[in-house]
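Asks: Have a look at this one.
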Amino acid sequence: MLLFALGFLLVILQPSTGQFPRVCANVQSLLSKECCPPWDGDGSPCGELSSRGSCQNILLSQAPLGPQFPFSGVDDREDWPSVFYNRTCRCEGNFMGFNCGECKFGFSGPNCTERQVKTRRNIFQLTASEKNKFLAYLNLAKSIPSQDYVIATGTYAQMNNGSNPMFRDINVYDLFVWMHYYASRDTLLGGSNVWRDIDFAHEAPGFLPWHRVFLLMWERQIQRITGDENFTIPYWDWRDAEDCEVCNDEYMGGRHPTNPNLLSPASIFSSWQVICTRSEEYNSQQALCSATSEGPIRRNPGNNDKSRTPRLPSSADVEFCLSLTQYESGPMDKMANYSFRNTLEGFADPQTAISNPAQSGLHNALHIYMNGSMSQVQGSANDPIFVLHHAFVDSIFERWLRRHRPMLEVYPAANAPIGHNRENYMVPFIPLYRNGEFFKPSRELGYDYEYLQEPALQSFQDFLTPYLQQARQIWAWLVGAAAFGGIVTAVLTGLIRACRKKKGGTSSEIQPLLIESEDYNNISYQSNF
């Protein structure tokens, strides 16, 4: 019934964030390479008449890239999004969106001037009604077509350089599955050739900022389609878990009674169909995932390769990872040592921070442990556990940011793998976001985590209260000490004055030297700490 109740909210959909804006997926926009749609509020491109933004040339980073991708001009994602568009809306102030019709993350109100911070909560701390609402929202997103975005079903070359657009509709949930696929897919080199050592969302510095944006966009999209502006993604704290605690029919789906690789028929997710899971098939056909259904979600938690992932991550693993002071190091890919990013992503040992791609730790360990749809990178977002998992990974990233307080310059400006430099735009997002823009505390982006919140003092009086209470307890002692000190001071003063009168006639010749003259100039008043 909840799904039917939410259905009517489709009519209030507003522009959102995603991949190719529907209004720009046409011959005119592709041939002109311009995506500057009008804002409904005033009808002008990018809301220029209302000073929201203007149509501008895209400024691409010229910083050198790492050696991992030895090609140029063979992949539509290079210098994103310039293959498709070289002019887009550049929004002013707190405005955002492909037509500057939205507010930046962390702002709201008609003029985007109201700051807001929402709280992501542990899924096990939700009430039954909150948890059921979350599950219903997921199911709703799987059934509602995206109003603002479409996906590409062919490369730019297959589109005859824009004269033959190849796009199709997609539901809201699968839009994000497709974006995750598109960012991590192999490069198609023609014939049967592909280049696998490329990923715009993983195995490099952008891994954490990219998924941070991904979750913020996903969160906002759910808020849009449901009308629930207070919705936030819950997280699953998997530290020290002995098994998949969310893998039951009350939460994300239990195990099928006769086929351990499938979900229980009692779960709403058992009827979901996955997309973008057949990478070898796409590669052999030199084609993109077209988002056609490819079967049910597969999951068999715990029956994974124990030699690669012997257990779920522990609290000690997380704490060691947080102690690492370098965000990135060395080649800035999955071979990086002593890198916080690489250790959290799971390519480095969570006890030594030494790269070991043969093992899967922390983030990667969860994916491998699920032993199904979530274990294959390109299609991993098909399993709704994905968002719970990545919300918690993002919270660990947030803990590191708060503990080490890095400057923006800590994020690599150059020589990272393709797409991962600080000023590179993230693939495949339109509107455009740079990696470095999300290397900042979450509260600046409008959200926090329940378990990271510190008890806030209600007022300055709350701050002073404990000190005032201590002062009351020792007040009598302080008064007594002050009186006694006054008496002692008076007695000593009298004695000193009497002594001075008796010694008043003593010549300077018989006064002892307090310091030798030759040592006087060597005195230092510097403190040594």
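Asks: Could you pull out which residues in the range 437-453 have an amide N less than 20 Å from a spot 7 Å beyond the Cα of residue 115, following the Cα-Cβ vector?
Replies: 437-450, 452-453
Asks: Cβ under 14 Å from residue 203's Cβ, residue 203 left aside: what net charge do those residues give with Lys, Arg +1 and Asp, Glu -1?
Replies: -2
Asks: Let me spell out the model: positive unit charges on the Cβ of Lys and Arg, negative unit charges on the Cβ of Asp and Glu, origin at the Cα centre of the range 323-437. What dipole size does that give, in debye rounded to 20?
Replies: For the range 323-437, the charge dipole is close to 220 debye.
Asks: Here's another thing I want to ask about it. Using a 1.4 angstrom probe on the protein heavy atoms only, could you order 394, 243 from most to least accessible area?
Replies: Result, largest first: 243, 394.
Asks: If R₀ is 45 angstrom, what is the calculated FRET efficiency for the pair residue 294 and residue 49, using the beta carbon separation as r and rounding to 0.05?
Replies: 0.50
Asks: Set the Förster radius R0 to 56 Å, insert the Cβ-Cβ distance between residue 127 and residue 286 as r into 1/(1 + (r/R0)^6), and round the FRET efficiency to 0.05.
Replies: Using R0 = 56 Å, I get an efficiency of 0.65.
Asks: How about the range 135-236: which trypsin sites (Lys or Arg not before Pro) there lie in a loop by DSSP and see at most 16 other Cβ atoms within 10 Å?
Replies: Here the trypsin sites (Lys or Arg not before Pro) that fit, given the DSSP loop and packing criteria, are 196.
Asks: Let me ask something else about it. Tally Lys and Arg at +1 and Asp and Glu at -1 over the other residues with C-beta under 14 Å from the C-beta of residue 281: what net charge comes out?
Replies: Every neighbour counted, the sum reads -1.
Asks: Separate question: Which of the three applies to the range 204-327, rounded, prolate or oblate, going by the alpha-carbon gyration tensor with a ≥ b ≥ c and a/c under 1.5 meaning rounded?
Replies: Note, shape of the range 204-327 comes out rounded.
Asks: Set the Förster distance to 35 Å, then compute FRET efficiency between residue 189 and residue 440 from the Cβ-Cβ distance, nearest 0.05.
Replies: E between residue 189 and residue 440, to the nearest 0.05, is 0.45.
Asks: Same structure again: Which far-off residues, 5 or more places away or on another chain, put their amide H under 5 Å from the one on residue 448, with H placed in the peptide plane?
Replies: 118, 119, 120
Asks: Using modelled backbone amide H atoms (1.01 Å from N, in-plane), which distant-in-sequence or interchain residues come within less than 5 Å of residue 53's amide H?
Replies: Residues meeting the amide H criterion: 48, 92.
Asks: What's the extension gain from residue 356 to residue 414 if we count 0.36 nm per residue and subtract their Cα-Cα distance?
Replies: My answer for the length gained is 18.4 nm.
The values are calculated or read from the model by the stated rules, or taken from the named source; none is laboratory data. Keep in mind that what you see is a predicted model, and the values were worked out from it rather than measured. Because the Cβ atoms are built from the backbone with ideal geometry, glycine has one as well, and the counts that use them run over all protein chains shown. Side chains are part of the model used for accessible areas, which takes the heavy atoms of the whole protein and leaves out ligands, DNA and RNA. Shrake-Rupley method; radii C 1.70, N 1.55, O 1.52, S 1.80 Å.
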